[in-house]
Amino acid sequence: MTSSFTRHAMGFALDAGRLAVWLVLLVSIFTPLERLLALHPAKLWRKQVGVDVCWYFINSLLPAAIIAVPLSILARALRGADPGGLYSAEAAWPLWLKLPLAFLVNDIGAYWGHRATHAFPLLWRFHAIHHSAEHMDWLVNTRGHPFDIVFTRLSGLGPLYLVGLAHGTGNHVGIDPVVVIASTFGLVWSFFIHSNVRVRLGPLEWLIASPAFHHWHHTNDEHRDRNFAAIFPFVDRLFGTAWLPKHWPPVYGIDAKVPATLTGQLLDPFAPREGLDDRTSDKVVELNQGR
């Protein structure tokens, strides 16, 4: 038992060290970028930066460990299934063909999961933590309740197994390389689209998400609850939730008050509520019917 505890402790320490190195790398990239191309003036050590750094470590470790369990169960459940020979045919496809399809399927699944977090009060309680930021920068990407992150990621990754683009590996069911690549790219791109930079991508903005596209998702005016896709804006255009004018959002955040502390944000979704939560009470019907 002692050796097992030591092994797990060492593994945790190595993971934490790796994340610390990645944090230094992200700081070295985005800090000068947000100074040179700042959309809004901001202090380097702004309010709640310490809380968001804590979320960075928590959400880099906890959701991944939780997600691995249902994905492994799903992969085992689907092992041996091959409807019409579809799965075996897809398994033989080259990576350059599977990856674009995986990105698309993942983004569509995550779109509906993300949209659900805005449409249903119970899910919004958790997702509101992410939207509570009243300004945008790259570190806001890490702010989020672990339950919210697990739900949205499973909404995107689960369909990859269901349609056969991801499989268990070898004799043991593990995380498929397609899942690893899609997840890693999505995570890196999420830091960019949250960043405080006045970068526009021109015609490409309807092909791949830009900071402007995602900033409008965080607006707190009459155009909120739009732009749910994380990578492909045309998914929002397909389902009628796209909004991308030439100007930038005038205000960010939510109507409700969210605690400023890490513990407060972690426990806030479980606090008693009366009726529908703010932000969803007038949006549930609109989002479920589509615009």
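The values are calculated or read from the model by the stated rules, or taken from the named source; none is laboratory data. What you are looking at is a predicted structure, and each value in this text was computed from that prediction instead of being measured. We place every Cβ from the backbone using ideal geometry, glycine too, and count neighbours over all the protein chains shown. Please note that ligands, DNA and RNA were not included when accessible areas were found on the heavy atoms of the full protein model with its side chains. Shrake-Rupley method; radii C 1.70, N 1.55, O 1.52, S 1.80 Å.
For the reader, a short list of remarks on this structure follows.
- Selection status of Pro121, closer than 28 Å to Asp236 by Cβ and open to solvent by less than 40 Å² (accessible area, probe 1.4 Å): yes
- Filtered residues of segment 193-214 (kept if closer than 17 Å to Tyr252 by Cα and open to solvent by less than 40 Å² (accessible area, probe 1.4 Å)): Ile193, His194, Ser195, Asn196, Val197, Ser210, Pro211, Ala212, Phe213, His214
- In segment 232-252, the residues that are closer than 13 Å to Ala110 by Cβ form no Cβ pair under 6 Å with any partner that is surrounded by fewer than 11 Cβ atoms within 10 Å (Cβ to Cβ), whether six or more places apart or across chains.
- Hey, Trp138 within 18 Å of Leu104 (Cα to Cα) and either in contact with a Phe, Trp or Tyr (Cβ under 9 Å, 6 or more places away or on another chain) or modelled with pLDDT under 95 (or both) or not: no
- Test: Arg237 is open to solvent by 40 Å² or more (accessible area, probe 1.4 Å), among the charged types (D, E, K, R) and at pLDDT 95 or above: yes
- Selection over segment 190-219 of residues that are in a helix (DSSP H, G or I) and at pLDDT below 95 gives a count of 5.
- Hey, Trp243 touching a Pro at 6+ places or on another chain (Cβ under 7 Å), modelled with pLDDT of 95 or more and open to solvent by less than 80 Å² (accessible area, probe 1.4 Å) or not: no
- Among the residues making up segment 209-225, those that are without any contact (Cβ under 8 Å) to a residue 40 or more places away in the chain and under 15 Å from the mean Cα position of the chain (by Cα) are Ala209, Ser210, Phe213, His214, His217.
- For segment 233-240, the criterion of being of a type outside the set (Gly, Ala, Ser) and assigned to a loop (DSSP other than H, G, I, E, B) is satisfied by no residue at all.
- Scanning segment 23-63 for residues that are modelled with pLDDT under 90 and closer than 19 Å to Thr142 by Cα yields Ala42, Lys43, Leu44, Trp45, Arg46, Lys47, Gln48.
- Within segment 97-113, the set of residues being open to solvent by less than 10 Å² (accessible area, probe 1.4 Å) and within 18 Å of Arg143 (Cα to Cα) comprises Gly113 only.
- Among residues that are out of contact with any strand residue (DSSP E or B) (no Cβ under 6 Å at 6 or more places or on another chain), among the hydrophobic types (A, V, I, L, M, F, W, C), modelled with pLDDT of 95 or more and surrounded by 12 or more Cβ atoms within 10 Å (Cβ to Cβ), Ala116 is included.
- In segment 215-222, the condition of being surrounded by 22 or more Cβ atoms within 10 Å (Cβ to Cβ), under 16 Å from Asn106 (Cα atoms) and not basic (Lys, Arg) is met by no residue.
- Options Gly164, Gly80: the member that is among the small types (Gly, Ala, Ser), open to solvent by less than 20 Å² (accessible area, probe 1.4 Å) and at pLDDT below 90: Gly164
- Qualifying residues in segment 14-63 (those that are among the aromatic types (Phe, Trp, Tyr) and part of a helix (DSSP H, G or I)) - the one most open to solvent (accessible area, probe 1.4 Å): Trp22
- Any hit, segment 48-58, residues being under 30 Å from Phe147 (Cβ atoms), among the hydroxyl-bearing types (Ser, Thr, Tyr) and touching a helix residue (DSSP H, G or I) at 6+ places or on another chain (Cβ under 9 Å): yes
- Qualifying residue in segment 266-274 (condition: modelled with pLDDT of 95 or more, charged (D, E, K, R) and open to solvent by 60 Å² or more (accessible area, probe 1.4 Å)): no
- Single residue of Val251, Val180, Val188 found to be β-branched (Val, Ile, Thr), under 14 Å from the mean Cα position of the chain (by Cα) and surrounded by fewer than 18 Cβ atoms within 10 Å (Cβ to Cβ): Val188
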